[in-house]
Structure formats: C-alpha cells, structure tokens
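Data block below; observations after.
The values are calculated or read from the model by the stated rules, or taken from the named source; none is laboratory data. Predicted model only: the values in this text are computed from it and were never measured. Counting neighbours? That spans all protein chains shown, and the Cβs are built from the backbone with ideal geometry, glycine included.
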C-alpha cells in the first residue's frame, strides 16, 4: 500500500495522539494550530504533522502515539525579516 497523506482537523486526532500534542502545545506555548496532516505509511505507522505558532516560533511537530518524534522551528522574527526583505517571494508584491 502507498503512503496516504491528508489534512485533518485537530479534533480528528486519535485521543492518544491528542494527549501527546496537548502536552507539546503547553511546552512550546502554542497559541494557534493552523494545519494538521495525517501521514499513513500503509504499514501500521501513522504520524501527524502539526503546524502551529507560539509567541516566538512557527513550529512543525511530528507526533505519534509514542510521543513527539521531531520538531522543526523557525523564529517569528526570522519570518518577519524574510517577508520584509523579499515580499515578492510571499506573493505580497
């Protein structure tokens, strides 16, 4: 079976994964979640990529029932500076 990828709502996370995510949200001081993607590898492994924003970071959390598998983060100030320096790359010109 091929890997299947689909966007879901935060409320659609399995309860065990939601508990892991909620703990990570507290740890990272998440204010808003703006995307949740389910990655089903077709072999029993299912991971969830949660894109969120805190006061300081834009985060991408890779979460499974086992815990937070990986975190990518970039500072909000870095994103703001990139938008100012190259607005055309963000479709703003």
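Brief remarks on what is shown
- Within the set 63, 30, the sole residue that is at pLDDT 95 or above and under 26 Å from residue 4 (Cα atoms) turns out to be 63.
- Taking first residues from region 30-42 that are on the phi < 0 side of the Ramachandran plot and free of Cβ contacts under 8 Å to residues at least 60 places away in the same chain and partners that are outside any strand (DSSP E or B) and exposed (fewer than 13 other Cβ atoms within 10 Å of the Cβ), the Cβ contacts under 7 Å between residues at least 6 apart in sequence or on separate chains come to 31/55; 36/9; 39/3; 40/3; 41/3.
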